[in-house]
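Trainee: Dropping a structure here in structure tokens format, bear with me for questions.
The values are calculated or read from the model by the stated rules, or taken from the named source; none is laboratory data. This structure is a prediction, so every number in the text was calculated from the model and none was measured. So basically every Cβ, Gly included, is an ideal-geometry build from the backbone, and we count neighbours across all protein chains shown.
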Amino acid sequence: MSTNLELIKTTIMTDNVQTVNITNVFSNKYDVYMIKGSNMIGKNSTATGVNLRLINSSDSVLSSDYDFAQLTLKGEASFSEGRSTTATRLENVFGGLDDSGQSAGNVAYIYNPFSSSLYTFCQWQSSSMPGGNLRGHKGIGVLHTTASITGFQVELNESASRFSGEGKVSVYGVK
């Protein structure tokens, strides 16, 4: 992977929200993008995944047609695998969190998002400490729709969960 990165956008997350849409970051300028998330902290939440959904050029959040596979590395128990061929999101791309004050973070790469003739792929590594337990996730996923993707949504999958207003997400083009 090339190490030349160009910062495209940094977003500071708003307090007390369940989702954050980051739009107009993917274009025809790059084929590969890096997403870095940090300092994501939960509020009013149980342990929950911090997930990714893609946004098409019509600014619609895509909530179907995802496949993924991931390995969850647990500090207190055996490793586990998760996978789906009918997912509504890519799970744990940004780690997992709860309201214990622990931060989640990640690095993810998005491939071919802007091309309307190719599938969009994602690979990620994330870490967190939900419930005080060390977690790591390594995964790969694909959107089985050939749409022009211009952005993404950071999303908590527990309806009562909210972000504290401290998280930061940066998007880079990979040269």
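Trainee: Take the residues of region 116-143 that are at pLDDT 95 or above and touching an Asp or Glu at 6+ places or on another chain (Cβ under 7 Å): which is surrounded by the fewest Cβ atoms within 10 Å (Cβ to Cβ)?
Mentor: Only one residue tops the list, namely Val142.
Conditions (1) without any contact (Cβ under 8 Å) to a residue 12 or more places away in the chain; (2) closer than 19 Å to Val50 by Cβ; (3) small (Gly, Ala, Ser), marked per residue:
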site: Ser116; (1), (2), (3): no, no, yes
site: Trp124; (1), (2), (3): no, yes, no
site: Ser128; (1), (2), (3): no, yes, yes
site: Gly131; (1), (2), (3): no, yes, yes
site: Gly141; (1), (2), (3): no, yes, yes
site: Thr145; (1), (2), (3): no, no, no
site: Thr150; (1), (2), (3): no, no, no
site: Asn157; (1), (2), (3): no, yes, no
site: Phe163; (1), (2), (3): no, yes, no
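Trainee: So, one more: Pairs please, first residue from region 63-92 and on the phi > 0 side of the Ramachandran plot, second anywhere and assigned to a strand (DSSP E or B) and small (Gly, Ala, Ser), Cβ atoms under 7 Å, 6+ apart in sequence or on different chains.
Mentor: Pairs that qualify, where the first residue is on the phi > 0 side of the Ramachandran plot and the partner is assigned to a strand (DSSP E or B) and small (Gly, Ala, Ser), are Asn92/Gly49; Asn92/Ser126; Asn92/Gly139.
Trainee: Scan region 77-131 residue by residue and report those that are out of contact with any Ser or Thr (no Cβ under 9 Å at 6 or more places or on another chain), farther than 23 Å from Ile22 by Cβ and among the hydrophobic types (A, V, I, L, M, F, W, C).
Mentor: Ala77, the sole residue that qualifies.
Trainee: Just one of the numbered conditions (1) modelled with pLDDT under 90; (2) in contact with an Asp or Glu (Cβ under 6 Å, 6 or more places away or on another chain); (3) more than 30 Å from Leu5 (Cα to Cα); (4) not small (Gly, Ala, Ser) is not true of Glu76; which one?
Mentor: Result: Glu76 passes all but (2).
Trainee: Related question: Of all residues in region 59-79 being assigned to a strand (DSSP E or B) and of a type in the set (D, E, K, R), which is farthest from Trp124 (Cα to Cα)?
Mentor: Lys74
Trainee: Checking Arg135 against (1) closer than 18 Å to Ser63 by Cα; (2) in contact (Cβ under 8 Å) with a residue 40 or more places away in the chain: exactly one of these is not met. Which one?
Mentor: (1)
Trainee: Checking Thr146 against (1) part of a strand (DSSP E or B); (2) modelled with pLDDT of 90 or more, which test does it fail?
Mentor: With (1) part of a strand (DSSP E or B); (2) modelled with pLDDT of 90 or more applied to Thr146, the lone miss is (1).
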